[in-house]
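Working notes, structure below.
What follows draws every value from the coordinates through simple rules; no lab data is involved. Fair warning: this is a prediction, and the values are worked out from it, not measured in the lab. Heads up, the Cβs are rebuilt from the backbone with ideal geometry, glycines too, and the neighbour counts pull from every protein chain shown.
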Amino acid sequence: MPLIVNYTQHKSWDANTEKFSSPKVKEQADQLGHQLMTLGISEISDKTIDELIIRQLILDKLYGGPTHTLNGKACTVEQLRELYQQNFGLFIEGRWSRNETRWKFASRHAKGMVRDIANQVTKD
């Protein structure tokens, strides 16, 4: 089953029309849905927001750059919090949906980075 970004609980979703108020809101929700897969968390809620921000900042450190920018600058913790709060209720389902511990998340990304570096060094 592919990744499914579920909008039905999103705070900007209109259940009557089954649409968002703006195409930009849907585009942002789609991007964040795919990001949830990368972060190893399946929903955006009060109970997950701090962990989402922590993991986002871990990725920024690991990969050497901000994944979210505003006016050409890396988003602050407050800006990331606002971004996630605007998308409360968004969740993902499917094969790629998971709730990993922080250790499992960090280890998965570190292993990928080690593998990339090793392949770069040993390629002929």
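In segment 24-52, what residues are hydroxyl-bearing (Ser, Thr, Tyr) and not in a helix (DSSP H, G or I)?
Initially, segment 24-52 is screened for residues hydroxyl-bearing (Ser, Thr, Tyr), giving 38, 42, 45, 48.
Scanning segment 24-52 gives 42, 45, 48.
Every residue, every condition in (1) part of a strand (DSSP E or B); (2) without any contact (Cβ under 8 Å) to a residue 24 or more places away in the chain; (3) of a type in the set (Ser, Thr, Tyr), yes or no:
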{"site": "55", "(1), (2), (3)": "no, no, no"}
{"site": "61", "(1), (2), (3)": "no, yes, no"}
{"site": "78", "(1), (2), (3)": "no, yes, no"}
{"site": "84", "(1), (2), (3)": "no, no, yes"}
{"site": "97", "(1), (2), (3)": "no, no, yes"}
{"site": "106", "(1), (2), (3)": "no, no, no"}
{"site": "109", "(1), (2), (3)": "no, no, no"}
Practice item. Please work out which residue is surrounded by the most Cβ atoms within 10 Å (Cβ to Cβ), limiting yourself to segment 55-87 and to residues that are touching a helix residue (DSSP H, G or I) at 6+ places or on another chain (Cβ under 9 Å) and among the charged types (D, E, K, R). Key: 55
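Could you go through segment 5-23 and let me know if any residue there is surrounded by 17 or more Cβ atoms within 10 Å (Cβ to Cβ) and either in a helix (DSSP H, G or I) or among the charged types (D, E, K, R) (or both). Working first, answer last.
Of segment 5-23, the ones surrounded by 17 or more Cβ atoms within 10 Å (Cβ to Cβ) are 5-7, 10, 12-13, 20.
With the extra rule that they be either in a helix (DSSP H, G or I) or among the charged types (D, E, K, R) (or both), the set shrinks to none.
Among the residues of segment 5-23, not one is surrounded by 17 or more Cβ atoms within 10 Å (Cβ to Cβ) and either in a helix (DSSP H, G or I) or among the charged types (D, E, K, R) (or both), which makes the answer no.
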Study note, to complete from the structure: The correct count of residues that are surrounded by 12 or more Cβ atoms within 10 Å (Cβ to Cβ), in contact with a Leu (Cβ under 9 Å, 6 or more places away or on another chain) and either farther than 17 Å from residue 60 by Cα or hydroxyl-bearing (Ser, Thr, Tyr) (or both) in segment 90-124 is 8
